[in-house]
Amino acid sequence: MEERKKTAREIIEGYQGPPVRIMEVCGTHTHEIFRLGIRKLLPPQVELISGPGCPVCVTPVSFIDEAIYLALEKQVTICTFGDLVRVPGSQMSLAGAREKGAKIHIVYSPADAEKYAKDHPEEQVTFLSVGFETTTPAGCLSVKQAKEDGISNYSLLVANKTMPGAYEALKGSADVFLYPGHVNAITGTKLCEELAKEGVSGVVAGFTAKELLTALAVALARFQEGRPFFVNCYPRVVTENGSPQAQKLVEEMMEPCDSEWRGLGVIKGSGMRLQEEWSAFDARKKYKIPPIQGKANPACRCGDVLQGKCKPSDCKVFGKVCTPQHPVGACMVSGEGACSAYYMYGEAEKMK
Ligand code: SF4
């Protein structure tokens with residue numbers, strides 16, 4: 001009789017291979033793995049570490065300072081995703097700036113921000129554009145729309161980043177990358193295949209329980225074979241070539257630039273900025289923002305958390321001074337942040 005194949009859960013629970021560190025590159029994976037209780041299935045030699053894939057978390061303090069400069073010094077209305085409002089800047093957060101009279105408007109997309117600008121011609125409006133390959137096309141589309149609408153009161157403060165530089169900087173920090181499925185849906189899988197040839201193993205994972213269990217089971221099974229590997233475990237969404245339309249749009253409107261990542265420092269060519277042709281929509285050029293050196297709270301270890309060098313619970317202010325109500329660093333604010341996941345799913349309670 002044919003032997004029954006093991007389920008993904010059985011492979012994970014029964015793993016008897018060598019110790020392995022798997023990096024959840026994407027903050028949504030961190031949260032989903034906690035929420036679904038998958039961590040409880042892992043044998044002790046399987047360690048999950050967080051990575052730099054939360055857009056709000058990797059955005060440096062200086063970006064918040066730039067936004068506050070626009071809001072308070074130039075009286076620009078800031079349109080932003082809600083998470084960014086409570087991220088501490090050097091002196092204050094955008095929430096603090098709002099108390100000092102800054103106009104901060106929460107939106108759910110760059111298109112909302114462009115519409116707000118169109119509906120409020122008396123205001124100068126800047127959208128805080130953060131995120132990775134997944135969100136950059138939407139920012140580009142909003143600029144195109146502003147041009148079509150003939151409005152000149154809309155701009156982007158761009159801190160968009162691309163993942164290849166981060167993978168390069170993170171080489172050696174984990175045995176297996178759990179690649180972010182939504183980024184790969186845009187970029188395709190060629191880079192991951194190249195990384196596997198260079199000795200960096202990884203699997204692309206989706207976001208449902210079944211997809212995450214499958215990706216982890218495949219990662220563990222392949223890791224035991226002892227050779228670098230890449231497997232696309234999210235084929236219903238991720239293809240080899242990704243989305244050519246999204247890639248073309250970004251190529252037409254943006255160009256690579258050096259970019260500062262919280263914790264990783266400046267990574268050459270890892271950021272995006274609007275091309276010269278679109279400079280009227282570039283808030284840094286439009287408002288001549290001076291260079292700003294951000295200062296993070298010295299107690300905060302977000303930088304180490306984002307590189308998998310420590311767990312949120314290793315930070316001495318975790319769950320004490322730093323909580324979701326009173327965040328000290330970005331990783332406790334964001335809905336995708338590792339510190340907020342650890343806090344929400346009881347790690348702070350365990351430390352009492
Ligand atoms: Fe930063 Fe708070 Fe996380 Fe510590 S617990 S690393 S202070 S966000």
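Summary of values
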{"item": "Radius ratio Rg over Rh of the range 250-309, counting only Cα atoms, Kirkwood formula for Rh", "result": "1.08"}
{"item": "Bins of 10 Å from zero: percent of alpha-carbon pairs in the range 110-151", "result": "30, 55, 14, 0"}
{"item": "Cα-centred dipole magnitude for the range 243-318, charges only on beta-carbon of K, R (+1) and D, E (-1), debye, nearest 20", "result": "480 debye"}
{"item": "Dipole magnitude (debye, nearest 20) for the chain, charges at Cβ of Lys, Arg, Asp, Glu", "result": "880 debye"}
{"item": "Residue among Ala174, Gly335, Gly14 farthest towards the positive dipole end of the chain, charges placed on Cβ", "result": "Gly14"}
{"item": "Accessible area expressed per residue, the range 1-70, with surrounding protein chains retained (probe 1.4 Å, Å²)", "result": "45 Å²"}
{"item": "Ranked packing of 223-230, 161-168, 44-51, most packed first, by mean Cβ within 10 Å", "result": "161-168, 44-51, 223-230"}
{"item": "Extended-chain gain in nm, criterion 0.36 nm per residue less alpha-carbon gap, Arg227 and Asp149", "result": "22.7 nm"}
{"item": "Share of carbon and sulfur in the accessible heavy-atom surface of the chain [1.4 Å probe, %]", "result": "52 percent"}
{"item": "Gain in span if fully extended, Lys5 to Lys210, counting 0.36 nm per residue against the direct Cα distance", "result": "72.2 nm"}
{"item": "Dipole moment magnitude, nearest 20 debye, the range 114-199 about Cα centre, only Lys, Arg, Asp, Glu C-beta charged", "result": "120 debye"}
{"item": "Arg21/Glu122 FRET efficiency (R0 51 Å; Cβ-Cβ; nearest 0.05)", "result": "0.45"}
{"item": "Rg/Rg_globular for the range 47-182, with Rg_globular taken as 2.2 N^0.38 Å and Rg from C-alpha atoms", "result": "1.15"}
{"item": "Amide proton proximity set for Trp261, modelled H, under 5 Å, gap of 5+", "result": "Val266, Ile267"}
{"item": "Ellipsoid semi-axes in whole angstrom, largest first, where each is sqrt(5λ) of the Cα gyration tensor of the range 201-333", "result": "32, 28, 14"}
{"item": "The range 285-352 versus the range 29-94: alpha-carbon centroid distance in Å", "result": "8 Å"}
{"item": "Backbone N under 14 Å from the Asn241 label point (7 Å along Cα→Cβ), restricted to the range 188-224", "result": "188-190"}
{"item": "Gain in span if fully extended, Glu47 to Lys316, counting 0.36 nm per residue against the direct Cα distance", "result": "94.8 nm"}
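The values are calculated or read from the model by the stated rules, or taken from the named source; none is laboratory data. What you see is a predicted model; the values in this text were computed from it and never measured. Cβ atoms come from the backbone with ideal geometry, glycine included; neighbour counts cover every protein chain shown. The accessibility values were calculated without ligands, DNA or RNA, using every heavy atom of the protein model including side chains. Shrake-Rupley method; radii C 1.70, N 1.55, O 1.52, S 1.80 Å.
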